[in-house]
């Protein structure tokens, strides 16, 4: 009985300390359960596939943004891939791509999963995340010798909003009207490649949850969703690209990426769209059936260069 009481007191004390820590460290704009999920779920992903190195590429007023490096044990080339996670420019974690990065590095290719500012964590906007993506890519270029990579042989990619960030590097001009010309290819997973509709009227058939998300993301674009949409910058001479997409995706409907693919093809760009039946958003990371298929196609795409 005494041991049971001691054990109960220990558990209660642990829970009290843990929840107190979460409450005290919670960003003002982040819901408590979102913070709990971020720390507990995403935090555990870090330890399941530890990166070989992590470098701070940028310091902001409230965070150190890192690039998490997964080095190949047996390099097959000096190519590399920079990935951005999804989460609607508001949440998510670079840790969510650690397994994918580790599997890519096991195929002989250096892979990097990038942090960037998120609205619920850092009170940021879409343009802040886009600037972070540029700074992450610049850091890779400037430190290519340290990473032992070819700065002209870097693939960029991402899922959902991370796909938007990857595309923006090659497609959306910065303040100087410049885009990156040395991107080898682009890799997209259920990508948000057309964001212009966020400044249009809200669809009639949208449920309350998606309505709230729509309105929130609309604020993050600050009236620039048309200006910041990769779909509006399709031109000749863009890097080759590949898209992995679930046909049942309700967050980024398949017709949006099909239209993007068609427009890219019309401009003479090399682009491949791979579609999966009965798969939704983020299927490429969690679906046990689809993940090996996605990885096989992804590795083949990289090795073909």
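Every residue, every condition in (1) out of contact with any helix residue (DSSP H, G or I) (no Cβ under 7 Å at 6 or more places or on another chain); (2) under 17 Å from residue 165 (Cα atoms); (3) at pLDDT 95 or above; (4) part of a helix (DSSP H, G or I), yes or no:
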| position | (1), (2), (3), (4) |
| --- | --- |
| 217 | no, yes, no, yes |
| 232 | no, yes, yes, yes |
| 244 | no, yes, yes, no |
| 248 | yes, no, no, no |
| 252 | yes, yes, no, no |
| 258 | yes, no, yes, yes |
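When the stretch 168-183 is filtered for residues that are touching a helix residue (DSSP H, G or I) at 6+ places or on another chain (Cβ under 9 Å) and not in a helix (DSSP H, G or I), the ones remaining, listed by number, are 172, 173, 174, 179, 180, 181, 182, 183. Flag: residue 236 does not match the condition of being farther than 15 Å from residue 188 by Cα, free of Cβ contacts under 8 Å to residues at least 60 places away in the same chain, out of contact with any helix residue (DSSP H, G or I) (no Cβ under 7 Å at 6 or more places or on another chain) and surrounded by 15 or more Cβ atoms within 10 Å (Cβ to Cβ). The number of residues in the stretch 45-59 being modelled with pLDDT under 95 and surrounded by 15 or more Cβ atoms within 10 Å (Cβ to Cβ) comes to 3. Restricting attention to the stretch 100-128, the residues that are outside any helix (DSSP H, G or I), in contact (Cβ under 8 Å) with a residue 60 or more places away in the chain and under 27 Å from residue 295 (Cα atoms) add up to 3.
The single condition from (1) touching a helix residue (DSSP H, G or I) at 6+ places or on another chain (Cβ under 7 Å); (2) over 26 Å from residue 173 (Cα atoms); (3) part of a helix (DSSP H, G or I) that residue 292 fails is (1). Taken residue by residue, the stretch 121-129 has no member that is modelled with pLDDT of 95 or more and more than 19 Å from the chain's Cα centre (by Cα). Does residue 33 satisfy being modelled with pLDDT of 95 or more and assigned to a helix (DSSP H, G or I)? In short, no. Exactly one of these conditions fails for residue 253: (1) surrounded by fewer than 21 Cβ atoms within 10 Å (Cβ to Cβ); (2) in contact (Cβ under 8 Å) with a residue 12 or more places away in the chain; (3) under 19 Å from the mean Cα position of the chain (by Cα). Give me its number. Evaluating residue 253 over (1) surrounded by fewer than 21 Cβ atoms within 10 Å (Cβ to Cβ); (2) in contact (Cβ under 8 Å) with a residue 12 or more places away in the chain; (3) under 19 Å from the mean Cα position of the chain (by Cα) leaves (2) as the failure. Just wondering, is there one or more residues in the stretch 149-160 that are in contact with a helix residue (DSSP H, G or I) (Cβ under 6 Å, 6 or more places away or on another chain) and without any contact (Cβ under 8 Å) to a residue 60 or more places away in the chain? Yes, there is a match, as at least one residue in the stretch 149-160 is in contact with a helix residue (DSSP H, G or I) (Cβ under 6 Å, 6 or more places away or on another chain) and without any contact (Cβ under 8 Å) to a residue 60 or more places away in the chain.
Taken together, the criteria exclude residue 230 from residues that are surrounded by 13 or more Cβ atoms within 10 Å (Cβ to Cβ), closer than 28 Å to residue 175 by Cα and in contact with a strand residue (DSSP E or B) (Cβ under 8 Å, 6 or more places away or on another chain). Residues in the stretch 152-167 that are within 18 Å of residue 261 (Cβ to Cβ) and not in a strand (DSSP E or B): 160, 163, 164, 166, 167.
All of 87, 92 fail the test of being on the phi > 0 side of the Ramachandran plot, surrounded by fewer than 24 Cβ atoms within 10 Å (Cβ to Cβ) and at pLDDT below 95, apart from 87. If you go through the stretch 260-289 and keep only what is assigned to a loop (DSSP other than H, G, I, E, B) and over 14 Å from residue 159 (Cα atoms), you end up with 267, 268, 269, 270, 277, 278, 279, 287, 288, 289. Checked against the criteria, residue 183 does not count as closer than 20 Å to residue 282 by Cα, without any contact (Cβ under 8 Å) to a residue 60 or more places away in the chain and under 20 Å from the mean Cα position of the chain (by Cα).
Could you count how many residues in the stretch 136-151 are surrounded by 17 or more Cβ atoms within 10 Å (Cβ to Cβ) and assigned to a helix (DSSP H, G or I)?
Matching residues across the stretch 136-151 total 6.
The values are calculated or read from the model by the stated rules, or taken from the named source; none is laboratory data. The structure displayed is predicted, hence computed values, not measured ones. Don't worry about glycine lacking a Cβ; one is built from the backbone with ideal geometry, like all the others, and counts go over all protein chains shown.
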